[in-house]
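Peer 1: Dumping the structure here so I can ask a few things about it.
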Amino acid sequence: MNKRPIIIDTDPGIDDAVAIAIALFSEELDVKLLTTVAGNVSLDKVTYNALRILKFFRKEVPVAKGADAPLIRPFTDASNVHGQSGMEGFDFEEPDDHLLLKENAVDAMRRVILESEEPVTLVPIAPLTNIALLLKTYPEVKENIREIVLMGGSASRGNKGVMSEFNVATDPEAAKIVFDCGLPLVMAGLDVGWKALVLPEDSAKLPQLGEVGRMAYCLFQKYRGGSMKTGLKMYDSCAIAYLLKPELYEMVETCVDVELSGSMTAGCTLVDLKGYLGKPNNAKVCMDIDQELFRKWFLESIARCI
Ligand code: RIB
Ligand code: CA
């Protein structure tokens, strides 16, 4: 069976790192490209982290640098969650730069998409700046994009603002461009991200699950997306889980719009389950997750890595 070609747009980031590992070591996915965007930490730091984890995973995947700031709004990071480096807790070797493309992320995504024999799935697990720029700069790529499966948004409350999730709230204008683009779109937001927990009894098993398990265990000591005691939120793995184990989810097809002008609500995703906005459906939203099955899948996936 042909592996599904995907491009992961990322801001590593501790939860990004384990999500990327699961994708890279899966039987079903062919990760054609990693593109980086300012998010958890600066563009330079997330790019450095992407290269460091690829070296650690011993995976030869090209990396292309993208946007160093949102389209319009000032950049604010999440170093309080991931540490100043964005990858606190594990001592990676210095990366080799041979995987870093000279092309920027948008040009690299365009090339990979148009060259692909099979339609490509975009998997943004970061602010959507690169994806918005791609769709606006090269709309012709839509012909060969199968689906966008993103981690972001929330049908309920936020983790950056009262009602806004970090990836969408960092660049709301970019998010609106993506949600309005007309391509098949899956939203794995906080409604499942908050429940996709690695519990203490799971974390305790990680050091026995190979090199990636040991890496995750060390990173999770510093990760502030939850805690080792109360459970660690595997936000970005939710997007990969949709691709590899969609039966984990309860989904709803609905309209999602992004608030841009609210003085206190900019960046919140309006998941319009009752159709108040009178707009067509544009997304499948993950509304719930089988938590036990997720934990089992997560540990099995980590065990499959090196
Ligand atoms: O809200 C969670 C998202 O913000 C995740 O992608 C995490 O890595 C951060 O980027
Ligand atoms: Ca991320």
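Peer 1: Which one of the conditions (1) surrounded by fewer than 24 Cβ atoms within 10 Å (Cβ to Cβ); (2) under 25 Å from SER164 (Cβ atoms) does GLU28 fail to meet, given that it meets all the rest?
Peer 2: (2)
Peer 1: Here's a follow-up. When the residues of the stretch 183-195 are narrowed to those that are within 11 Å of ligand 1 (Cβ to nearest atom) and in a loop (DSSP other than H, G, I, E, B), which ends up farthest from LEU133 (Cα to Cα)? Let's see the steps before the verdict.
Peer 2: Kept after step one, since they are within 11 Å of ligand 1 (Cβ to nearest atom), are these residues of the stretch 183-195: 188-190, 193-194.
Okay, now just the ones that are also in a loop (DSSP other than H, G, I, E, B), so 189, 194.
Working: GLY189: 22, TRP194: 29 Å.
Checking each candidate, the answer is TRP194.
Peer 1: Need pairs with beta-carbon distance below 6 Å; first residue within 19 Å of ASP77 (Cα to Cα) and touching a residue at least 24 places away in the same chain (Cβ under 8 Å) and within the stretch 7-26, second of a type in the set (Val, Ile, Thr) and near ligand 2 (Cβ under 10 Å from one of its atoms); sequence gap 6+ or separate chains.
Peer 2: Once the first residue is within 19 Å of ASP77 (Cα to Cα) and touching a residue at least 24 places away in the same chain (Cβ under 8 Å) and sits in the stretch 7-26, its partners that are of a type in the set (Val, Ile, Thr) and near ligand 2 (Cβ under 10 Å from one of its atoms) give THR10/ILE125; ASP11/VAL37; ASP11/VAL46; PRO12/VAL46; ASP16/THR10; ASP16/ILE125.
Peer 1: Going through the stretch 204-223 one residue at a time, which ones are in a helix (DSSP H, G or I) and surrounded by fewer than 19 Cβ atoms within 10 Å (Cβ to Cβ)? Please lay out each step first, then the result.
Peer 2: Restricting attention to the stretch 204-223, the residues satisfying the condition of being in a helix (DSSP H, G or I) are 206-208, 210-222.
Correct list: PRO207, GLN208, GLY210, GLU211, ARG214, CYS218, GLN221, LYS222.
Peer 1: I'm checking my understanding of the structure. Among residues of the stretch 1-24 that are over 29 Å from ASN80 (Cα atoms) and either acidic (Asp, Glu) or at pLDDT 95 or above (or both), which one is nearest to ligand 2 (Cβ to nearest atom)? Walk me through it before giving the result.
Peer 2: Taking the stretch 1-24 and keeping what is over 29 Å from ASN80 (Cα atoms), we get 1-6.
In the following step, the residues that additionally are either acidic (Asp, Glu) or at pLDDT 95 or above (or both) were identified as 3-6.
Numbers: LYS3: 23, ARG4: 20, PRO5: 21, ILE6: 15 Å.
Of everything passing the filter in the stretch 1-24, ILE6 is nearest to ligand 2 (Cβ to nearest atom).
Peer 1: Another question, then. For the stretch 75-86, enumerate the residues that are in contact with a Lys or Arg (Cβ under 7 Å, 6 or more places away or on another chain) and not β-branched (Val, Ile, Thr).
Peer 2: Within the stretch 75-86, ASN80, GLY83, SER85, GLY86 qualify.
Peer 1: Using the structure shown, decide if ASP44 is more than 14 Å from ligand 1 (Cβ to nearest atom) and assigned to a strand (DSSP E or B).
Peer 2: Details: more than 14 Å from ligand 1 (Cβ to nearest atom): yes; assigned to a strand (DSSP E or B): no.
Criteria not met by ASP44.
Peer 1: Taking the stretch 224-260, which residues are more than 15 Å from ASP15 (Cβ to Cβ), hydrophobic (A, V, I, L, M, F, W, C) and either in a strand (DSSP E or B) or within 15 Å of ligand 1 (Cβ to nearest atom) (or both)?
Peer 2: MET251, VAL252, VAL256, VAL258
Peer 1: Which pairs have Cβ atoms under 6 Å, sit 6 or more apart or on different chains, and link a residue in the stretch 146-170 that is hydrophobic (A, V, I, L, M, F, W, C) to one that is part of a helix (DSSP H, G or I) and within 13 Å of ligand 1 (Cβ to nearest atom)?
Peer 2: So the pair list comes out as VAL149/ALA239; MET151/CYS238; MET151/ALA239; ALA155/ASP191; VAL168/ALA175.
Peer 1: Output the number of residues of the stretch 22-32 satisfying the condition of being more than 17 Å from PRO62 (Cβ to Cβ) and of a type outside the set (Ser, Thr, Tyr).
Peer 2: 4
Peer 1: Here's another thing I want to ask about it. Here is a check on your reading of the model: is LEU209 modelled with pLDDT of 95 or more and more than 24 Å from VAL168 (Cα to Cα)? So that I can check it myself, show each step before the final result.
Peer 2: Working: modelled with pLDDT of 95 or more: yes; more than 24 Å from VAL168 (Cα to Cα): yes.
Yes, satisfied.
The values are calculated or read from the model by the stated rules, or taken from the named source; none is laboratory data. Predicted model, so just to flag it, every value in this text is computed and none were measured. We place every Cβ from the backbone using ideal geometry, glycine too, and count neighbours over all the protein chains shown.
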